[in-house]
Amino acid sequence: MKLRILDSNFSVVKLSPTEKIPVWALNSDVFSITRTDEELSIVCTSECLPLNEAFMDVENDWKCIKIDGVLDFSLTGILASLANPLAENNISIFAISTFNTDYLLVKSHSIEKAKVVLENDGHNFSDF
């Protein structure tokens, strides 16, 4: 599987489920917004977070690994093939799936270790 580490740093923000989607969240090249009855969860590049706003629940300092290419819906075990070796090496993830592909967020301090673990498990990283 071809993987790529995106250049940006990412943040995960939890807001009240009744809040409107903030405009700043839409300013990221890559973002994910999920609303449930318990929360409004936003993943975006850290540079998009407003400096004048204090968030009660925010996790900063994530790097993003993207699976390059379009994944067919009939494929099984894609996330497991990445998450399992990382879990076995005590590297936690935050996973995002889209129509085309999957993304794994890994804390910045673990990204190099994650890359080595995944390469040793047969995955390839591209630099573009």
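Charge tally for Leu40 (other residues, Cβ to Cβ under 13 Å; Lys, Arg +1; Asp, Glu -1): -2. Considering only Cα atoms, the convex hull volume of the chain works out to 124 Å³ per residue.
The aspartates and glutamates within cross-link reach of Lys107, meaning a Cα-to-Cα straight distance under 12 Å and a gap of 8 or more places when in the same chain, are Glu59, Asp61.
Simple point charges give the picture: +1 on the Cβ of Lys and Arg, -1 on the Cβ of Asp and Glu, and for the chain a dipole about the Cα centre of about 140 debye.
Taken one residue at a time, the phi angles of the stretch 64-72 give Karplus couplings (6.51, -1.76, 1.60, θ = phi - 60°) of 10, 9, 9, 7, 6, x, 9, 9, 6 Hz. Gly and Pro are set to x. Amide H contacts of Asp68: Lys2, Leu3, Arg4, each under 5 Å away and 5 or more positions distant or on a separate chain (H built 1.01 Å from N in the peptide plane; Pro and chain starts excluded).
For the stretch 110-119, the Karplus equation 6.51 cos²θ - 1.76 cosθ + 1.60, evaluated at θ = phi - 60°, returns couplings of 10, 5, 5, 5, 4, 4, 4, 4, 5, 5 Hz by residue, with Gly and Pro reported as x.
Here's how it looks for Leu40: its modeled amide H is under 5 Å from those of Leu15, Ser16, which are all 5 or more places away or on a different chain.
All of the numbers you see were taken from the coordinates with simple rules; none came from a lab. This structure is a prediction, so every number in the text was calculated from the model and none was measured. Heads up, the Cβs are rebuilt from the backbone with ideal geometry, glycines too, and the neighbour counts pull from every protein chain shown.
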